[in-house]
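Following: one structure in structure tokens, then a few remarks.
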Amino acid sequence: MATDSSPAIVWFRDDLRVTDNPALSAAAGSGRPVVCVYVWDEESPGIRPPGGAARWWLHHSLIALGEELERLGARLLIRRGAAEQVIADLLGETDAALLFWNRRYGLAERTVDETIKSAARARGVEATSFGAALLFEPWTIRTGSDTPFSVYTPFWRACLSSPAPRKPLDAPNELAAGPRLSGLSVDELGLLPTHPDWAGGLRESWTPGEQSARASLDAFLSDEVADYKQNRDTPGIAATSRLSPHLRWGEISPHQVWHATSAARGAGSRASAIAEGATTFLSELGWREFAYHTLFQHPQMATQNIHPEYDGFPWPRLHPAALRAWQEGRTGIPLVDAGMRELWHTGTMHNRVRMVVASFLTKNLLIDWRHGEQWFWDTLVDSDPASNPFNWQWVAGSGADAAPYFRVFNPELQREKFDPHGDYVRRWVPEWGTDSYPEPIVDLGETRRAALAAYDVVRRGRG
């Protein structure tokens with residue numbers, strides 16, 4: 001039975017930070033000892049385990065979170081297993097009075113959370129969840145007819161006309177440490193690649209953790225936001241925020257990004273350019289929101305077409321050699337190859353190039369978007385359950401607010417427009433322009449026509 005000294009448990013998931021963490025703030029404000037736990041769950045039904053690059057990030061992010069918690073007086077307990085059983089065991093071990101977490105939005109995750117909340121309350125534990133990963137909860141942004149939005153522009157307009165997102169919460173000044181419990185080390189989770197260790201490029205490119213996330217945001221708002229609108233589509237320029245993996249793992253919250261960006265408006269000698277860049281940047285945050293709101297409505301988004309008429313799309317028989325050439329950046333199409341090699345080395349890819357390589361896979365190679373989504377899931381450090389499948393379906397034409405079926409990105413024209421001097425391509429494809437660079441594996445014109453014919457099958461089915 002819980003007593004005045006019974007602890008409050010904070011269950012960390014995709015919110016690996018101490019600042020603007022409502023669950024942690026609630027525990028700190030309870031006046032009770034605090035037990036902070038992360039559960040590595042590969043067993044709960046429907047939970048999609050992170051891919052290889054994301055596991056690398058998670059390893060280092062957990063270490064960084066542990067250090068932040070120790071600085072506040074607590075420690076991070078790590079356990080492995082089905083979350084329902086792990087949390088139940090922990091409630092029994094600690095005789096906890098309170099259980100806090102921040103919400104997740106996939107159906108499998110929500111089902112786990114609801115089961116745990118009911119079980120905790122049945123044993124007399126006060127279990128509370130909070131909104132921390134989104135600016136607007138999915139059930140709060142609706143059309144005039146009380147249905148979910150399916151098009152981005154009116155969705156974001158509705159968000160902007162809603163009450164402003166809450167201000168970020170400060171990190172607790174200190175935490176009263178709970179009982180010392182047995183757990184695993186981060187190393188024991190086995191998240192890092194070892195045979196072989198292919199993560200050298202990730203180590204070279206990134207520093208996971210909350211402090212790095214805040215430094216990236218500060219640097220972007222200080223140095224890049226004024227030119228963001230005109231430079232964000234140029235992959236050879238360091239013009240983006242580099243926040244996507246930090247947001248994916250919750251090392252920084254969208255509320256922190258929103259309010260810091262809003263505060264940057266009107267500052268400095270380039271106030272007009274900064275305001276314009278900030279507005280454009282926040283609209284990208286809005287696209288992330290739209291992806292999560294869509295996931296809430298379409299929980300099978302990673303495997304099922306949002307528009308079911310695309311179930312009849314005539315995907316040809318898979319050619320493994322073509323898929324492998326795309327994965328390895330050996331297509332003979334310079335911008336596509338550069339993007340895929342950037343992805344393998346850094347665990348990310350410039351957003352403009354992501355659209356190009358996805359269009360090439362689905363519309364020039366006529367390979368089912370799910371193969372691309374799975375490859376990105378395994379190789380992106382920022383792959384999350386909403387944005388990754390949402391953006392693949394957007395390019396393929398089967399998703400919410402999807403690109404028109406006839407929009408087939410021509411990767412050569414895209415290169416000429418957004419990498420006119422070849423800076424980006426030469427960085428990642430140094431053999432470009434030499435005899436060692438391969439010929440294109442497909443003819444762009446012929447495959448575009450084949451794609452339009454295949455999409456016409458779906459259009460006729462709609463009619």
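Structure notes:
- The set of residues in region 73-90 being under 24 Å from the mean Cα position of the chain (by Cα) and either surrounded by fewer than 19 Cβ atoms within 10 Å (Cβ to Cβ) or part of a helix (DSSP H, G or I) (or both) consists of 80, 81, 82, 83.
- Selection from region 328-382 of residues that are without any contact (Cβ under 8 Å) to a residue 24 or more places away in the chain and surrounded by fewer than 23 Cβ atoms within 10 Å (Cβ to Cβ): 328, 374
- Pair list, Cβ under 7 Å, 6 or more apart: region 314-327 residue surrounded by fewer than 10 Cβ atoms within 10 Å (Cβ to Cβ), other residue modelled with pLDDT of 95 or more and among the charged types (D, E, K, R): none
- Test: residue in region 256-271 that is touching a Pro at 6+ places or on another chain (Cβ under 7 Å), closer than 21 Å to residue 13 by Cα and crowded, with 19+ Cβ neighbours inside 10 Å: yes
- Verdict on residue 385 being part of a loop (DSSP other than H, G, I, E, B) and in contact with a Lys or Arg (Cβ under 9 Å, 6 or more places away or on another chain): yes
- Scanning region 443-452 turns up no residue that is crowded, with 21+ Cβ neighbours inside 10 Å, modelled with pLDDT of 95 or more and in a helix (DSSP H, G or I).
- Set side by side, the residues 102, 21 differ, and just one is within 21 Å of residue 118 (Cα to Cα), buried (at least 20 other Cβ atoms within 10 Å of the Cβ) and either among the hydroxyl-bearing types (Ser, Thr, Tyr) or under 22 Å from the mean Cα position of the chain (by Cα) (or both), which is 102.
- Test for residue 313: is it farther than 30 Å from residue 20 by Cα, in contact with a Ser or Thr (Cβ under 8 Å, 6 or more places away or on another chain) and not aliphatic (A, V, I, L, M): yes
- Criterion applied to 70, 93 was being free of Cβ contacts under 8 Å to residues at least 12 places away in the same chain, surrounded by fewer than 20 Cβ atoms within 10 Å (Cβ to Cβ) and not in a loop (DSSP other than H, G, I, E, B), and the one residue passing it is 70.
- Helices (runs of 4 or more DSSP H) enclosed by region 129-225 - at least 1 residues per element that are over 30 Å from residue 328 (Cα atoms) and hydrophobic (A, V, I, L, M, F, W, C): 152-160, 210-223
- Of the numbered criteria (1) modelled with pLDDT under 95; (2) among the acidic types (Asp, Glu); (3) farther than 25 Å from residue 171 by Cα, the one residue 4 fails is (3).
Residues are listed down the side, and each one gets a yes or a no for (1) of a type in the set (Lys, Arg); (2) under 22 Å from residue 43 (Cα atoms):
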site	(1), (2)
84	no, yes
89	no, yes
101	no, yes
110	yes, yes
113	no, yes
118	no, yes
134	no, no
137	no, no
151	no, no
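- Test result for residue 115, surrounded by fewer than 17 Cβ atoms within 10 Å (Cβ to Cβ) and touching a residue at least 12 places away in the same chain (Cβ under 8 Å): yes
- Restricting the first member to region 208-219 and to residues that are farther than 15 Å from residue 238 by Cα, and the second to residues that are among the β-branched types (Val, Ile, Thr) and at pLDDT 95 or above, the beta-carbon pairs closer than 6 Å and six or more apart or on different chains are 213/252.
- Of the residues making up region 388-424, those that are assigned to a helix (DSSP H, G or I), touching a residue at least 60 places away in the same chain (Cβ under 8 Å), under 25 Å from residue 320 (Cα atoms) and of a type outside the set (D, E, K, R) are 388, 389, 390, 391, 393, 396, 411.
- Residue 198 passes every criterion in (1) crowded, with 19+ Cβ neighbours inside 10 Å; (2) at pLDDT 95 or above; (3) of a type in the set (A, V, I, L, M, F, W, C) apart from (1).
- Filter result for the condition that a residue is within 23 Å of residue 436 (Cα to Cα), not assigned by TED's automatic domain parsing to the domain that holds residue 55 and not small (Gly, Ala, Ser), over 377, 369, 344, 394: 344
- Single unsatisfied condition, residue 44 versus (1) crowded, with 21+ Cβ neighbours inside 10 Å; (2) out of contact with any Gly (no Cβ under 7 Å at 6 or more places or on another chain); (3) among the hydroxyl-bearing types (Ser, Thr, Tyr): (1)
- Residue check, residue 386 buried (at least 19 other Cβ atoms within 10 Å of the Cβ) and modelled with pLDDT of 95 or more: yes
- Among residues of region 139-156, those that are farther than 19 Å from residue 257 by Cβ and crowded, with 17+ Cβ neighbours inside 10 Å, counted: 2
The values are calculated or read from the model by the stated rules, or taken from the named source; none is laboratory data. No experiment lies behind these values; they were computed from the predicted model shown. We place every Cβ from the backbone using ideal geometry, glycine too, and count neighbours over all the protein chains shown.
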